[in-house]
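For reference, the structure is listed below as structure tokens.
The values are calculated or read from the model by the stated rules, or taken from the named source; none is laboratory data. Small disclaimer: the values here were computed from a predicted structure and weren't measured. Glycine gets a Cβ as well: all are built from the backbone with ideal geometry, and neighbour counts include every protein chain shown. Accessible surface areas use protein heavy atoms only, side chains included; no ligands, DNA or RNA. Shrake-Rupley method; radii C 1.70, N 1.55, O 1.52, S 1.80 Å.
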Amino acid sequence: MRVYLEIGKRAFQRELVYRTKNLAGLFTNACFGYLRAVPLLAAFEARGDIAGYNLQDALTWNWTVQALIMVVGLWGGWEVADTIRSGDVVSDLSKPFSFLGFWLARDYGRAIYYLLFRALPVVLIGQLLFGLRWPHHAITWAALAVSLALAVSIGFAFRFMLNLAAFWTTDARGVGGLGLIASTFLSGFLIPLAFFPDWLRPVVQALPFAGIVQTPADVFLERVTGWALMGALGQQALWAALLLGAAQGLVVIATRRVVVQGG
Amino acid sequence: MPLREYWRLYWRLVGASARGQMQYKASFLLATAGVFAANLFDFGALLVLYHRIPHLAGWSLGEVALLWGMSAVSFALADTIASGFDLVPAMIRQGDFDRLLTRPLGAFFQTIAARLTLRRLGRIGQGLVILAVAQGEVAIPWTPGKLAVLMVALAAGAAIFFSVYILGAAYAFWTVEGTEVVNTFTYGGTTMTSYPLDIFHGWLRRFVTFIFPLAFVNYYPALYLLERPDPLGLPAWAGWLSPLVATLCCVVAAWGWSFGVRHYQSTGS
């Protein structure tokens, strides 16, 4: 366990180096947070209540999902695929710890960095510009921490499997890009899943992608409380376990294919 | 060198770039499908929203879709033609831009001819489909004048976005670093132009009308097509101003680029 903590810490520290990059990203998030908030203002002028959201809920959703992009790695990262392509994967596979665990630990280190230095400032900017809805109950913060931790796992497992495609194709980014585009839409990042038509909503809410963005946002908004909250976290935990299991299975299958070229 | 020669050389160079991208046919098709799908999902989100509301600031779904399609086509054209300029920050960082300056052709020409990313055309297809459906939906009474405004606006919109790319690349002559801030103007620009500008606050609307003239990409031409009055009070013929505005943008971009090239100092590594 200590080795994974150390790996996570290193990943966290690596991100600390790129301060200006984070500032530029923060600027971009702030701009898009604003640009995407404006259509919501107009939409709620036409109707005061949309699928149980009032304007403030919708604005809070908007800034929360904007804040989460980097935390849950919504738009991917192809480091694993790159090591597979370059062959460096061989040295990672031969290290005395789990290949999946290694990358998962790194992802948690990265996620914690972005939670502190990206998500928090983005939400504060949203608060300054529009005034957001903050949790009314202290317990929500604890639930949010659990939900975010699970969201990172689900996001990671999905992305990791897309990366593993590099074992079979030279173009993991092409396959993965399509997967990320679909997951962005289905995660509740583009539009709250509650806004979906009634026939489609149960489907999108049951899929694992809901657990990457929509569930943490719902927890923060206190749209799920009590047993419903337990159910939402349970669904996230189930998907996290299933996807991590599937990812581990894929690692086992893929490593059988690895042929080390001498040299 | 006569212009015809430049033209021939341009196609020869980007042809080579295109052939390179076609080497992996499956991945090329996949990437094009990805670009197509990405924007379709964005539009899907708009459909989901409209399923819940009757209109957005008095604009129906069909009317917003018209804006959406025009913006997508113009942006995709610019994004494709300007792909070479994506390489500029990396070229500056690695000192490769020096090499460009030693060759007997302009730096601008060499950059624009360096790459033509064909997969980005996937967005044009998507934009055209939405545009075609939207114009049927809002039942525009087409006249030759309106058709001309649409065609000219698509080209002028592309030129406006193109000049943003040029200025973004020129900006790298000073910052050396990447272009995330530039993305705010390009992708942010498409996001804004995908909605009626009526929804934006006064200062931002004036900014994108008079200073950073995104409003002429599609908003004013669309007002003309839809025969809607302008909330800012510009007359209906503002829809005809796109080519003029686009020309101004290109002049500013050309000036910014040559200013950047003149002030270029090699990174020396």
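How about the stretch A:64-89: which of its residues are open to solvent by less than 50 Å² (accessible area, probe 1.4 Å), closer than 24 Å to A:Thr170 by Cα and not in a loop (DSSP other than H, G, I, E, B)?
The answer is A:Val80, A:Ala81, A:Thr83, A:Ile84, A:Val89.
If you take the residues in the stretch A:137-176 that are charged (D, E, K, R) and not in a loop (DSSP other than H, G, I, E, B), which one is nearest to the other protein chains (Cβ to nearest Cβ)? Give the steps one after another, and end with the answer.
Let us first name the residues in the stretch A:137-176 that are charged (D, E, K, R), namely A:159, A:171, A:173.
Subset that is not in a loop (DSSP other than H, G, I, E, B): A:159, A:173.
Values: A:Arg159: 16, A:Arg173: 8 Å.
Of everything passing the filter in the stretch A:137-176, A:Arg173 is nearest to the other protein chains (Cβ to nearest Cβ).
Inside the stretch B:177-269, counting only helices (runs of 4 or more DSSP H) that do not spill past its ends, which hold 2 or more residues that are surrounded by 22 or more Cβ atoms within 10 Å (Cβ to Cβ)?
B:180-193, B:219-226, B:242-262
Which condition number does A:Gly131 fail, the rest of (1) more than 14 Å from chain B (Cβ to nearest Cβ); (2) under 21 Å from A:Ala24 (Cβ atoms) being met?
Unmet condition: (2).
Answer yes if at least one residue in the stretch B:145-157 is of a type in the set (D, E, K, R), surrounded by 14 or more Cβ atoms within 10 Å (Cβ to Cβ) and in a helix (DSSP H, G or I), and no otherwise.
So the first thing to find is which residues in the stretch B:145-157 are of a type in the set (D, E, K, R), and the list is B:146.
Next cut, surrounded by 14 or more Cβ atoms within 10 Å (Cβ to Cβ) only: B:146.
Narrowing the set further to residues that are in a helix (DSSP H, G or I) leaves B:146.
Yes: the stretch B:145-157 contains one or more residues that are of a type in the set (D, E, K, R), surrounded by 14 or more Cβ atoms within 10 Å (Cβ to Cβ) and in a helix (DSSP H, G or I).
In the stretch A:71-83, is there at least one residue being at pLDDT 95 or above and in contact with a helix residue (DSSP H, G or I) (Cβ under 6 Å, 6 or more places away or on another chain)? Outline the logic, then answer.
Step one: of the stretch A:71-83, the residues at pLDDT 95 or above are A:71-72.
In the following step, the residues that additionally are in contact with a helix residue (DSSP H, G or I) (Cβ under 6 Å, 6 or more places away or on another chain) were identified as A:71-72.
Looking for residues that are at pLDDT 95 or above and in contact with a helix residue (DSSP H, G or I) (Cβ under 6 Å, 6 or more places away or on another chain), one finds at least one in the stretch A:71-83, hence yes.
Considering each of B:Ala76, B:Ala72, B:Ala18, B:Ala45 in turn, give the residue that is touching a Leu at 6+ places or on another chain (Cβ under 9 Å) and at pLDDT below 90.
Criteria check complete, one pass: B:Ala18.
Out of curiosity, is A:Glu15 over 19 Å from B:Phe200 (Cα atoms), surrounded by fewer than 17 Cβ atoms within 10 Å (Cβ to Cβ) and away from chain B (no Cβ under 12 Å)?
Values: over 19 Å from B:Phe200 (Cα atoms): yes; surrounded by fewer than 17 Cβ atoms within 10 Å (Cβ to Cβ): no; away from chain B (no Cβ under 12 Å): yes.
No.
Mind checking which helices (runs of 4 or more DSSP H) fall wholly inside the stretch A:182-257 and carry at least 1 residues that are open to solvent by 30 Å² or more (accessible area, probe 1.4 Å) and farther than 23 Å from B:Leu47 by Cβ?
Filter on the stretch A:182-257 gives A:226-255.
How many residues, within the stretch A:218-255, are hydrophobic (A, V, I, L, M, F, W, C) and closer than 23 Å to A:Gly52 by Cβ?
10
Counting only residues that are at the interface with chain B (Cβ under 8 Å from one of its Cβ atoms) and more than 28 Å from B:Asn183 (Cα to Cα), how many does the stretch A:25-64 have? It would help to see each step written out before you state the result.
Let us first name the residues in the stretch A:25-64 that are at the interface with chain B (Cβ under 8 Å from one of its Cβ atoms), namely A:25, A:27-28, A:31-32, A:35-36, A:38-39, A:41-43, A:45-47, A:50-51.
Add one more test, that the residue is more than 28 Å from B:Asn183 (Cα to Cα), and what stays is A:45-47, A:50-51.
Of the residues in the stretch A:25-64, 5 are at the interface with chain B (Cβ under 8 Å from one of its Cβ atoms) and more than 28 Å from B:Asn183 (Cα to Cα).
Which of the helices (runs of 4 or more DSSP H) contained wholly in the stretch B:1-116 include at least 2 residues that are polar (S, T, N, Q) and within 14 Å of chain A (Cβ to nearest Cβ)?
The qualifying helices (runs of 4 or more DSSP H) are B:25-52.
Check the stretch A:101-108 and report whether any residue there is of a type in the set (Ser, Thr, Tyr), more than 14 Å from chain B (Cβ to nearest Cβ) and not in a helix (DSSP H, G or I).
Within the stretch A:101-108, not a single residue is of a type in the set (Ser, Thr, Tyr), more than 14 Å from chain B (Cβ to nearest Cβ) and not in a helix (DSSP H, G or I).
Show the residue pairs that are 6+ apart or on different chains and have beta-carbon atoms under 7 Å apart, the first residue being within the stretch B:87-99 and within 14 Å of B:Phe109 (Cβ to Cβ), the second being β-branched (Val, Ile, Thr) and assigned to a helix (DSSP H, G or I).
Pairs found: B:Val88/B:Thr111.
Here's the yes/no breakdown for (1) of a type in the set (Phe, Trp, Tyr); (2) closer than 30 Å to A:Phe44 by Cα; (3) buried (at least 23 other Cβ atoms within 10 Å of the Cβ):
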site: B:Val64; (1), (2), (3): no, yes, yes
site: B:Leu67; (1), (2), (3): no, yes, yes
site: B:Ser71; (1), (2), (3): no, yes, yes
site: B:Ala78; (1), (2), (3): no, no, yes
site: B:Ile81; (1), (2), (3): no, no, no
site: B:Leu101; (1), (2), (3): no, no, no
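Name the residues in the stretch A:106-131 that are over 19 Å from the mean Cα position of the chain (by Cα) and open to solvent by 10 Å² or more (accessible area, probe 1.4 Å), would you?
A:Leu124, A:Ile125, A:Gln127, A:Leu128, A:Leu129, A:Phe130, A:Gly131
Here are A:Phe99, A:Phe158: which of them is closer than 28 Å to A:Ala247 by Cα, in contact with a Phe, Trp or Tyr (Cβ under 9 Å, 6 or more places away or on another chain) and surrounded by 16 or more Cβ atoms within 10 Å (Cβ to Cβ)?
A:Phe158
Residue check: is B:Arg115 within 28 Å of B:Met1 (Cβ to Cβ), without any contact (Cβ under 8 Å) to a residue 60 or more places away in the chain and open to solvent by 60 Å² or more (accessible area, probe 1.4 Å)?
The answer is no for B:Arg115.
Does any residue of the stretch A:220-243 turn out to be aromatic (Phe, Trp, Tyr) and touching a Gly at 6+ places or on another chain (Cβ under 8 Å)? Can you show your working first?
To start, the set of residues in the stretch A:220-243 that are aromatic (Phe, Trp, Tyr) comprises A:220, A:227, A:239.
This time we only want the ones that are touching a Gly at 6+ places or on another chain (Cβ under 8 Å), so: A:239.
Taking every residue of the stretch A:220-243 in turn, at least one turns out to be aromatic (Phe, Trp, Tyr) and touching a Gly at 6+ places or on another chain (Cβ under 8 Å).
Quick one: what pairs do we get from the stretch A:10-27, first residue within 20 Å of A:Trp103 (Cα to Cα), second open to solvent by 30 Å² or more (accessible area, probe 1.4 Å) and of a type outside the set (D, E, K, R), C-beta under 8 Å, 6+ apart or different chains?
Between residues of the stretch A:10-27 that are within 20 Å of A:Trp103 (Cα to Cα) and residues that are open to solvent by 30 Å² or more (accessible area, probe 1.4 Å) and of a type outside the set (D, E, K, R), the close pairs are A:Ala11/A:Tyr108; A:Phe12/A:Ile112; A:Glu15/A:Phe117.
Within the stretch B:191-225, take every residue that is farther than 15 Å from A:Ala37 by Cα and among the polar types (S, T, N, Q) and give me the one that is modelled with the highest pLDDT.
B:Asn218
Can you go through A:Trp134, A:Trp61 and tell me which one is of a type outside the set (Asp, Glu), modelled with pLDDT of 95 or more and in a helix (DSSP H, G or I)?
Criteria check complete, one pass: A:Trp61.
Just a yes or no: is a residue in the stretch A:38-47 β-branched (Val, Ile, Thr), over 22 Å from A:Leu132 (Cα atoms), free of Cβ contacts under 8 Å to residues at least 12 places away in the same chain and not in a strand (DSSP E or B)?
The answer is no; no qualifying residue exists.
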